[in-house]
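The values are calculated or read from the model by the stated rules, or taken from the named source; none is laboratory data. Keep in mind that this is a model prediction, so the values were computed, not measured. Please note: Cβ atoms are built from the backbone with ideal geometry, for glycine as well, and neighbour counts cover all protein chains shown.
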Amino acid sequence: MEIAFYILMVLIAGTVSGITGFGGAAILLPMLIGIVGPRDAVVVLTIAQILGNAGRVWFNFSDCDRKVISWFSIGAIPVAIFGAVLFTKAPLGILTPGLGIALIGLVALRRTRWADKYRPNRTGWIGIGAGLGLISSLVGTAGPLASPFFLQYGLVKRAYIGTEAATALISHLTKLVVYVVMSLVFPKLILVGTIIGIGLIIGAYFGKAIVDRLPKEKFIIAVEVMLCIAGLRLLLL
């Protein structure tokens, strides 16, 4: 029964990520901490998210915005390297309340007149990539914080899911290289992360089928609701 529960949670996490572009890590992280401990949980989650995001990129490849991916990577890669090194000694718990407040604030900001005029440009995406690369390295994921920027740029449905997944994939691959160099990756963690990652890919396939049937307006509302839930969850941790 315990194994069945874990499988169900992984499939739910993959499906949620496939619909909203994020949320899988928030579902899985508490479970992984109970299994392998907090620091190893982030390593396992990184491995799993590499596979899960690769699956979302594959399912939505033709709709990915390659310019955004390139601009994001310029900022994300060097900062993700720094953040992954810092991760080995950082007190991770102090970041979560601030992230929760920022997340809810970004959703509220999207509903203002200012948000109607703002659209990230090349320089903006480089800065966004740097900030999110650091956050992802320290707390395991930055998907919820990334989503408002992709929506504000005008990406929705498959373009949003695929582009966000591609940028996350680049950050996670960068982190994993550092984790390997810092001797944080062990065969057991690779095995657990791979199994979870396969489950995320299956869930992402189900999520894609749902996204294809969602009207644009309902899709945006669904993402913003999930963002607020994720923000509240961070505040309560």
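Taking the stretch 131-158 on its own, how many of its residues are more than 18 Å from G14 (Cβ to Cβ) and either at pLDDT 90 or above or among the polar types (S, T, N, Q) (or both)?
Summing the residues that are more than 18 Å from G14 (Cβ to Cβ) and either at pLDDT 90 or above or among the polar types (S, T, N, Q) (or both) in the stretch 131-158 gives 3.
How many residues does the stretch 129-171 hold that are under 14 Å from the mean Cα position of the chain (by Cα) and not in a loop (DSSP other than H, G, I, E, B)?
Residues meeting the conditions: 30.
Report whether or not F72 is at pLDDT below 80 and not hydroxyl-bearing (S, T, Y).
It is false that F72 is at pLDDT below 80 and not hydroxyl-bearing (S, T, Y).
Looking at E217, E224, which is the one that is surrounded by fewer than 16 Cβ atoms within 10 Å (Cβ to Cβ), part of a helix (DSSP H, G or I) and modelled with pLDDT under 85?
Just a single option satisfies the conditions, and that option is E217.
Tell me, please, whether a residue that is out of contact with any Lys or Arg (no Cβ under 6 Å at 6 or more places or on another chain), surrounded by 17 or more Cβ atoms within 10 Å (Cβ to Cβ) and modelled with pLDDT under 85 can be found in the stretch 165-175.
At the first step, the residues of the stretch 165-175 found to be out of contact with any Lys or Arg (no Cβ under 6 Å at 6 or more places or on another chain) are 166-175.
From the residues that got through so far, the ones that are surrounded by 17 or more Cβ atoms within 10 Å (Cβ to Cβ) too are 166-172, 174-175.
Subset that is modelled with pLDDT under 85: none.
No, the stretch 165-175 contains no residue that is out of contact with any Lys or Arg (no Cβ under 6 Å at 6 or more places or on another chain), surrounded by 17 or more Cβ atoms within 10 Å (Cβ to Cβ) and modelled with pLDDT under 85.
Only one of these is buried (at least 19 other Cβ atoms within 10 Å of the Cβ), part of a helix (DSSP H, G or I), touching a helix residue (DSSP H, G or I) at 6+ places or on another chain (Cβ under 8 Å) and at pLDDT 75 or above: L45, L29, L11, L103. Name it.
L45
When the stretch 41-59 is examined, which residues are found to be of a type in the set (G, A, S) and under 24 Å from F87 (Cα atoms)?
Those that are of a type in the set (G, A, S) and under 24 Å from F87 (Cα atoms): A41, A48, G52, A54.
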